[in-house]
1. I need a count of the residues in the stretch 58-92 that are in a loop (DSSP other than H, G, I, E, B) and either at pLDDT below 60 or among the small types (Gly, Ala, Ser) (or both).
2. Are there any pairs with C-beta distances below 8 angstrom linking a residue in the stretch 30-55 that is under 17 Å from residue 73 (Cα atoms) to a residue that is of a type outside the set (Phe, Trp, Tyr) and loosely packed, with under 12 Cβ neighbours inside 10 Å, with the two at least 6 apart or on different chains, and if so which?
Amino acid sequence: MLTVTVRSASGVILLQRPKESGLEREVRHQEYTVTLFLFGFLALNYPLVSLFSGGMVFGLPLLFVYLFTVWLLVIVLAAVALGVAGSADPDPHGIEPDPGD
């Protein structure tokens, strides 16, 4: 297994992590999505939602604030877990353009 090592200017190892294959990455993404689904399901299910049924926050009902906060959190965690924000690969298929074009 390949290892990625990051060293500082003084030679101290800052990060050392094994490089994962495509299959390992896919399995990790599946685990994250299942965990995220369970979190969203439990956070938006009746027992927890009923705890936030009364009260106001900044003039808004607490229930609405809770629902939209959990919804936003699930979206952000999905983007982070799947690496959407960091995958700015201009050519995801690995096809190089012809320099003559």
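The values are calculated or read from the model by the stated rules, or taken from the named source; none is laboratory data. Keep in mind that this is a model prediction, so the values were computed, not measured. Positions of Cβ are backbone-derived with ideal geometry, glycine not excepted, and every protein chain shown enters the neighbour counts.
1. Qualifying residue count, the stretch 58-92: 10.
2. Listed by first residue and then by second, the contacts come to 48/42.
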